[in-house]
């Protein structure tokens, strides 16, 4: 009697099946070593192979966990001893880029950055941008509906997918490789595969939307005197058509980062908030006028205290280094609990005040660093509560999420629920919503084979 | 033993139940009189009432059809003798508009135009625009994922909804009134309610996204010498950040409309295509520069033959009258079969040639008028095949859709499948897609109570 492994090898060939150290050396977590619970991984070379493998798993009741670039921070790739891994790493071809339709046909294992690089060769731009783009795959970002820095201009990954192909739990291949912007011919099935963290199907291919490569690039770093000024600046910035990022840093973050290195201090501290404003457009001279007019008008209206405007690529990079100072956070604040929450922009100040006082009540030494994509409601908080931070993680999360619930916020803006936030989900979605999610999931995967321990 | 009507009256009160002529006088079709098959209509005043009514219908196995503004042209509102009507007309409050978050909380029965008017009072703009906006409701446009003229800038209705509340077939109220741009906390359930034509749930309330009210407005009408020039002009226009519409008219349309009235002839005929280009922005002087530079560059690159640029509100209205000449079509081409298809922009010319020759083979007197939102792939065709056009409708559709399938097009871009295109859907989606749609629908509405004859 042949084993599951033998049967998979018969379908996928020797290159398509990994075992032993080749599997166990792969961490399921980007920040620490979390080896898979079982040393069996399949990596199909084509959709048909995956379909056959899933049909087998379905007959055997074998659970699987899908791996993209394993950059997710919510434990979506964690694998238990009764699950085998499906990796899309061999399905990594950019099949076609069309300059006229501005679409790319890709396999799910293509890294985000690889598409950006190839698109640039066609004078096109894939606008979804995230820190892990070198490893994160398009399939993974589709499954998690990844966000990033430019959501307020170009949307989440969902808005940048036109078509999908996926393999369902029973091996059925659903090909919905739509290439039409407007298409209301029946259910838009891709919407059910995007952002459901691999629980409805395994994304194998996609049609991605591209935009013309921007030819102008503006970057400024500004400080504002109050939260009210920050909100007015944001509303004002929404009229700036070239706006591509509006990244806010609060003093707990800015002071920490700026004090670590004077290169990371473009403006004097002491203000209520700091904003990195980025613009992209297609008419350099006019775009420059637009950006200058915006900054002058904002200053004249008393919305900004001070501004540093980048005039070279080096200065742009320096300003972004202030915003992307993960290394400083790690050096200065470790260990810390990371949050990726969304909250009403009007409520950020009272919300943060309540979070800090709730944490301080239990952890007098609490220190936080707060920053985020305010235009999309998304705030990241790093919270250090003392040397016991790691063991206290779940308690820290509960305190923050309890405050958040009172403000109608979301426990994850872009990282997803995965396994690590699963316990909190039912407290933040209604009973009717949870039932509807369960009904949908079990209609599509009645045996619960796909990413079984993810989401709910 | 009380009747269904009595029981519904007990839940909804006398104002909440209509019978007899009050129901039968309502056509289910905007273009001809199609009375409901049954003279019973409920119109809840609040979500709770609808929930109670649906719970009753669920117990009794009573089918329902949801009515918004009854402007849909795909027969989605047609009602058979064993169905009662659910109208959202009494749930027509704009509950709240927030200038800081740029969101509107609305009930489903609010007409699209009513939201636009109210938004304008807050210096905000609801960008989804369609001819029937005075009657079409937000709930109806959500259920059908309505498009319109500005999709290439602001997307379909789907992209303009942040949160939803709906009543499911069994009366369950699912409240997902999300107000956060980034929220990956579990399944994004609204995606399953948008564009599924009322088969998953009845939308009762929504959170709509607004944008700042544009302060600049540019409109030009241009002619191009060939399809290749048209495609290059479209690609070029995608770099114009203020672009809000790119409406193409082909000679069969333009010649018909222009010959009806010299006011509708802004440019000489004889070219391969005509385009109405609209821009909207927030910096009038700079936006004017941008538009002028775009037109000059397009002319210098040989992309356009001739251009008429509107310099007054009257001229803007006159140019749009060329594009929105439904009355001319009705006068000059009736009777005709209307198409709302999507096709690869590169294939429009061979596709239209094949359509015309396929129709001419059977109907030598065929005449067409072709226009559409090319940037979104969406083309509208009006086809007259002689005095027997009405009785031949289904045959004409089959001929056009058979050609379309060869080009990978979509049988409906924005109008939806409804009842009238239902027979064609299985020929244009794969067996696996149809199965997945059926599985989803029956998971959410196992008794098939909601819009039973719609879609599939």
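Considering region B:164-177, and only residues there that are more than 18 Å from residue B:446 (Cβ to Cβ) and surrounded by 21 or more Cβ atoms within 10 Å (Cβ to Cβ), the residue that is nearest to the other protein chains (Cβ to nearest Cβ) turns out to be B:176. Of the helices (runs of 4 or more DSSP H) that lie entirely inside region A:351-456, those containing 3 or more residues that are surrounded by 21 or more Cβ atoms within 10 Å (Cβ to Cβ) span A:393-406, A:431-444.
Looking only at residues of region A:87-110 that are within 14 Å of another protein chain (Cβ to nearest Cβ) and in a strand (DSSP E or B), we find that the one that is surrounded by the fewest Cβ atoms within 10 Å (Cβ to Cβ) is A:96. The number of residues in region A:178-197 that are more than 9 Å from chain B (Cβ to nearest Cβ) and part of a loop (DSSP other than H, G, I, E, B) comes to 0. Scanning region B:257-286 for residues that are under 14 Å from residue B:321 (Cβ atoms) and in a helix (DSSP H, G or I) gives B:257, B:258, B:260, B:262, B:263, B:264. A single member of B:451, B:377 is within 30 Å of residue A:439 (Cβ to Cβ) and either touching a strand residue (DSSP E or B) at 6+ places or on another chain (Cβ under 6 Å) or in the same structural domain as residue B:159 (by TED's automatic domain parsing) (or both), and it is B:451. On the given criteria, is residue B:274 away from every other protein chain (no Cβ under 14 Å) and within 27 Å of the chain's Cα centre (by Cα)? It is true that residue B:274 is away from every other protein chain (no Cβ under 14 Å) and within 27 Å of the chain's Cα centre (by Cα).
Exactly one residue out of B:5, B:21 is within 24 Å of residue B:447 (Cα to Cα) and free of Cβ contacts under 8 Å to residues at least 60 places away in the same chain, and it is B:5. The condition of being out of contact with any strand residue (DSSP E or B) (no Cβ under 8 Å at 6 or more places or on another chain) and part of a helix (DSSP H, G or I) holds for residue B:117. Residues of region B:66-94 that are in contact (Cβ under 8 Å) with a residue 60 or more places away in the chain and under 30 Å from residue A:377 (Cα atoms): B:91 alone. Taking each residue of region B:179-194 that is at positive phi and looking for partners that are in a helix (DSSP H, G or I) with beta-carbon atoms closer than 9 Å, six or more apart or interchain, yields B:186/A:425; B:186/A:428; B:186/A:433; B:186/A:434; B:186/A:437. The single residue among A:389, A:420 that is touching a residue at least 24 places away in the same chain (Cβ under 8 Å) and either in contact with a strand residue (DSSP E or B) (Cβ under 7 Å, 6 or more places away or on another chain) or within 7 Å of chain B (Cβ to nearest Cβ) (or both) turns out to be A:389.
The set of residues in region B:373-411 that are at positive phi and touching a helix residue (DSSP H, G or I) at 6+ places or on another chain (Cβ under 9 Å) comprises B:377, B:408. Filtered by the rule that a residue be buried (at least 18 other Cβ atoms within 10 Å of the Cβ) and out of contact with any helix residue (DSSP H, G or I) (no Cβ under 6 Å at 6 or more places or on another chain), region B:317-338 gives B:319, B:320, B:323, B:329, B:333, B:336. Identification of strands (runs of 3 or more DSSP E) wholly contained in region A:1-68 with 2 or more residues that are within 15 Å of residue A:81 (Cβ to Cβ) and either touching a helix residue (DSSP H, G or I) at 6+ places or on another chain (Cβ under 9 Å) or at pLDDT 95 or above (or both) yields A:40-42, A:63-67. Screening residue B:203 against (1) outside any loop (DSSP other than H, G, I, E, B); (2) without any contact (Cβ under 8 Å) to a residue 24 or more places away in the chain leaves a single unmet condition, (2). In region B:172-180 there is at least one residue that is in contact with a helix residue (DSSP H, G or I) (Cβ under 9 Å, 6 or more places away or on another chain) and farther than 21 Å from residue A:191 by Cβ.
Just one of the listed residues (B:298, B:317) is within 25 Å of residue B:369 (Cβ to Cβ) and more than 12 Å from every other protein chain (Cβ to nearest Cβ), and it is B:317. Residues that are at the interface with chain A (Cβ under 7 Å from one of its Cβ atoms) and under 23 Å from the mean Cα position of the chain (by Cα) within region B:434-444 comprise just one, B:437. Residues in region B:215-239 that are within 11 Å of chain A (Cβ to nearest Cβ) and over 18 Å from residue B:377 (Cα atoms) were compared, and the one that is surrounded by the fewest Cβ atoms within 10 Å (Cβ to Cβ) is B:215. Condition check: under 30 Å from residue A:339 (Cβ atoms) and either outside the structural domain of residue A:202 (by TED's automatic domain parsing) or buried (at least 23 other Cβ atoms within 10 Å of the Cβ) (or both). Does residue A:83 satisfy that? It is true that residue A:83 is under 30 Å from residue A:339 (Cβ atoms) and either outside the structural domain of residue A:202 (by TED's automatic domain parsing) or buried (at least 23 other Cβ atoms within 10 Å of the Cβ) (or both). Every condition in (1) buried (at least 23 other Cβ atoms within 10 Å of the Cβ); (2) part of a helix (DSSP H, G or I); (3) out of contact with any helix residue (DSSP H, G or I) (no Cβ under 6 Å at 6 or more places or on another chain) is met by residue A:148 except one, and the failing one is (2).
The values are calculated or read from the model by the stated rules, or taken from the named source; none is laboratory data. Predicted model, so just to flag it, every value in this text is computed and none were measured. Because the Cβ atoms are built from the backbone with ideal geometry, glycine has one as well, and the counts that use them run over all protein chains shown.
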